[in-house]
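Everything below concerns the one structure shown next.
The values are calculated or read from the model by the stated rules, or taken from the named source; none is laboratory data. This one's a predicted model, so the numbers in the text were calculated from it and none came from an experiment. Cβ atoms come from the backbone with ideal geometry, glycine included; neighbour counts cover every protein chain shown. Surface areas here come from the heavy atoms of the whole protein model, side chains and all, with no ligands, DNA or RNA. Shrake-Rupley method; radii C 1.70, N 1.55, O 1.52, S 1.80 Å.
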Amino acid sequence: MDILTRRIVPLLFLFASIILCLKASHKVSVQQLLNFSFPSLSFLYESQQKDSGCSLLPYDEYWIRSNRIVTSEGVFSGAVEVKSGRIASVVSDDFEAGQFLGKHVVDFGNAVVMPGLVDIHVHLDEPGRTEWEGFSAGTKAAAAGGVTTVIDMPLNSIPCTVSVEALKLKLKAAQEKIYVDVGFWGGLVPENALNATALDSLLSAGVLGLKSFMLPSGINDFPMTNLTHIKEGLYALARYKRPLLVHAEVDVGPESDDETRHHASDPRSYSTYLKSRPASWEIEAIRELQTAMEETKVGGRAEGAHVHIVHLSDAEVSLKLIKDAKSSGASVSVETCPHYLAFSAEEIKDGDTRFKCAPPIRDEANRQKLREALLEGHIDMLTSDHSPSTPELKLLKEGDFLRAWGGVSSLQFDLPATWTYGQKYGITLSHLVKLWSEKPAKFAGQEHKGAIVTGNHADFVVWEPEVEFDLDDNYKSFHKHPSISAYMGKRLSGKVLATFVRGNLVFSDGIHSPKPCGETILAK
């Protein structure tokens, strides 16, 4: 034993004994222990330090402490131990004294510490359309918003992810660009749906599931599928126990027989667009899907597969049909998006094409029913459907709803938008964890994400729910084109302070880590 060890070890035992005595006699809190300084221990940090460039915090082992650590079960005061990118332990304030001895502790005080958000519906548009967004800008925005995992949609990039070769191009494009973890959905299109070898190859290559459209997607390389294609996709997915995500709208014509679709009505009026894409489109699509859903039941040919309805807008008949399918034993789930809960058709001004999306934002009565369904558990999770483009494609000056590119750009604002508007109808911190972390992670097959439990990835968002901010020209948005977001100009609450991905502090106080060290996720 060298001289340094002979001198220090007795001091360590002395310090631990003092702490134990203080806790036994005076019930010392975590905060009091953290405030107790012992300079002689600083040398112990050296063995834990790292300088990878992937993190703004140069430690491989450390503790995160907060008065508000959130799980789906509730909120508690305590600390989370991180080692080598994983959660090593979780303790409440009645911990064993001396637990933090010689450790680096990051104390966030009263800020909320939650599992990082898992956004399973994101269009990052790379390769091929980096002028729309791209991996770098998109994942910087995600990190700044507390989103630690995104699952990239298979369309809007060039080529669309409908083959193994296209997936390889995605993986190559993401290298050394992503600040959060990124997984990939594959595309189900007529060409591969009827080719079992092609689908098997794509699923074997690691896509987490498949996505299909029941009407034209707007991207020529991603054509719509019919019920035959969808069933074939489910049969393939059943062997891998992965989901099929469906854009459930079919074109059954406008709400009335007028000339709305032929631009006779005012194209700058939001009501014109809303009438051109009524709730009957969603209803008819889900009715068509009922026979496919039946196949996912126990004993069905597609048992093991799962049907997931993306971005539900209609809170009435469409939702009832989904609830009926669930209760009958079909393997079905549904998501909605913050913009359907935050906005109503009555609020959208003529010409403001930032709000155009498909299916459309509907009226106030529908919004209220959608909110109720979310709190009652009939809607399984939240996603952004972050769908950026260039400002030119949004036709912001012309304000033509019928010709503008659809899609709400919102990835960085997932958390504050949900919280700001959600407080009005009863959203709690624990709801956020279920809807944005636990359920999406489980759905995407990410068993080590979405919850603050021992063994999981150390993915956290640290934020202040009470802090308000204005989304104006002075606000730092990391989206490539902030001006196209429907949330710009709004006052939101919920400031993100820090984001950790696999233990790396990738975002803190407006600054990203020096290197983008997120990992790509492939199904095994």
Next on the checklist: Can you list which of the DSSP-assigned H helices in the chain have a Cα extent of 30 Å or more along the long axis and an average Kyte-Doolittle score of at least 0.0?
Outcome noted: 3-26
Next on the checklist: Keeping every protein chain present and rolling a 1.4 Å probe, give me the accessible area per residue for segment 428-489 in Å².
Outcome noted: 42
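Could you tell me how many cubic angstrom of Cα convex hull volume segment 132-286 has per residue?
Numbers: hull volume 21.9 nm³, N = 155.
Given the Cα convex hull of segment 132-286, per-residue volume reads 142 Å³.
Among DSSP beta bridges whose residues both lie in the chain, state the antiparallel percentage, nearest 5.
Of all bridge pairs located within the chain, approximately 50 percent are antiparallel.
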Checklist entry - Using the C-alpha gyration tensor of segment 143-190, what are the square roots of 5 times its eigenvalues, in whole angstrom, with the largest one first? => result 21, 12, 8
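Suppose a student asked you for the relative contact order of the chain, using Cα pairs under 8 Å spaced at least 6 residues apart; what percent would you report? If you can, show how the numbers build up before the last one.
On the way: 1173 pairs, mean separation 106.2, N = 524.
Reported as a whole number, the value is 20 percent.
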Checklist entry - Roughly how much of Leu396 is accessible, in Å² to the nearest 10, using a 1.4 Å probe? => result 60
Checklist outcome for this item: Largest-first ranking of Leu375, Leu199, Leu429 by accessible area, probe 1.4 Å, whole protein assembly kept, is Leu375, Leu429, Leu199
Next on the checklist: List the lysines whose Cα sits under 16 Å from the Cα of Lys442, skipping any in the same chain fewer than 8 residues away.
Outcome noted: Lys241, Lys434, Lys524
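Using a Förster radius of 30 Å, what is the FRET efficiency between Lys424 and Glu303 based on their Cβ-Cβ separation? Nearest 0.05, please. Walk me through the intermediate numbers first.
Numbers: r = 41 Å, r/R0 = 1.37.
Plugging the Cβ-Cβ distance into 1/(1 + (r/R0)^6) gives 0.15.
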Next on the checklist: How much length would be gained if the chain were fully extended between Glu294 and Leu227, taking 0.36 nm per residue of separation minus their Cα-Cα distance, in nm to one decimal?
Outcome noted: 22.9 nm
Checklist entry - How long are the three semi-axes of the equivalent ellipsoid for segment 370-467, computed from the Cα gyration tensor as the root of 5 times each eigenvalue, in whole Å, largest first? => result 30, 17, 14
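Based on the alpha-carbon set only, what is the convex hull volume of segment 393-524 divided per residue, in Å³? Numbers along the way, then the final one.
Details: hull volume 21.5 nm³, N = 132.
For segment 393-524, the hull spanned by Cα atoms encloses 163 Å³ per residue.
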Checklist outcome for this item: Against the 2.2 N^0.38 Å rule of thumb, the C-alpha Rg of segment 260-384 sits at a ratio of 1.16
Checklist entry - In segment 313-443, if every C-alpha pair distance is counted and binned at 5 Å from zero, what percent goes to each bin? => result 2, 10, 19, 21, 20, 14, 9, 4, 1, 0
Checklist entry - Exactly which GluC sites (Glu not before Pro) in segment 376-438 are in a DSSP loop and have at most 12 other Cβ atoms within 10 Å? => result Glu376
Checklist entry - Among all the aspartates and glutamates, which ones have a C-alpha under 12 Å from Lys515's C-alpha, if same-chain residues fewer than 8 places away are not counted? => result Asp51, Glu176
Checklist outcome for this item: Looking only at aspartates and glutamates whose Cα falls under 19 Å of Lys424's and that sit 8 or more positions away or on another chain, we get Glu346, Glu347, Asp363, Glu364, Glu372, Glu376, Asp414, Glu464, Glu466, Glu468, Asp470
Checklist entry - What's the carbon and sulfur percent of the chain's accessible surface, probe 1.4 angstrom, rounded to a whole number? => result 51
Checklist outcome for this item: For segment 169-234, using Cα atoms only, the Rg and Dmax in Å read 13.2, 40
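Based on the Kirkwood radius over alpha-carbon pairs, what is the Stokes-Einstein translational diffusion coefficient of segment 336-410 at 37 °C with 0.692 mPa s viscosity, in µm²/s?
Calculated translational D: 252 µm²/s.
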Next on the checklist: So if I take the alpha carbon set of segment 291-340, get Rg, then get Rh from the Kirkwood formula, what is the Rg over Rh ratio?
Outcome noted: 1.02
Checklist entry - Hey, how much of the P(r) for segment 135-218 falls beyond 20 Å, as a percent of Cα pairs? => result 35
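Tell me the relative contact order for segment 298-359 as a rounded percent, counting alpha carbon contacts under 8 Å between residues six or more apart.
Numbers: 40 pairs, mean separation 23.4, N = 62.
Once normalised by length, the contact order is 38 percent.
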Checklist entry - Rounded to the nearest 0.05, what FRET efficiency do Ser52 and Glu372 have when you use their Cβ-Cβ distance and R0 = 60 Å? => result 0.80
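Tell me, what is the per residue accessible area of segment 237-358 in Å², probe radius 1.4 Å?
40
Computed over the Cα atoms, what is the radius of gyration of segment 79-208 divided by 2.2 N^0.38 Å, N being its residue count? If you can, show how the numbers build up before the last one.
On the way: Rg = 19.6 Å, N = 130, 2.2 N^0.38 = 14.0 Å.
Ratio of Rg to 2.2 N^0.38 Å for segment 79-208: 1.40.
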Checklist entry - Among the GluC sites (Glu not before Pro) within segment 49-88, which fall in a DSSP loop and have no more than 15 other Cβ atoms within 10 Å of their own Cβ? => result Glu73
Next on the checklist: Can you bin every Cα-Cα distance in the chain into 20 Å intervals starting at zero and give me the percent of pairs per bin, rounded to whole numbers?
Outcome noted: 22, 53, 20, 5, 0
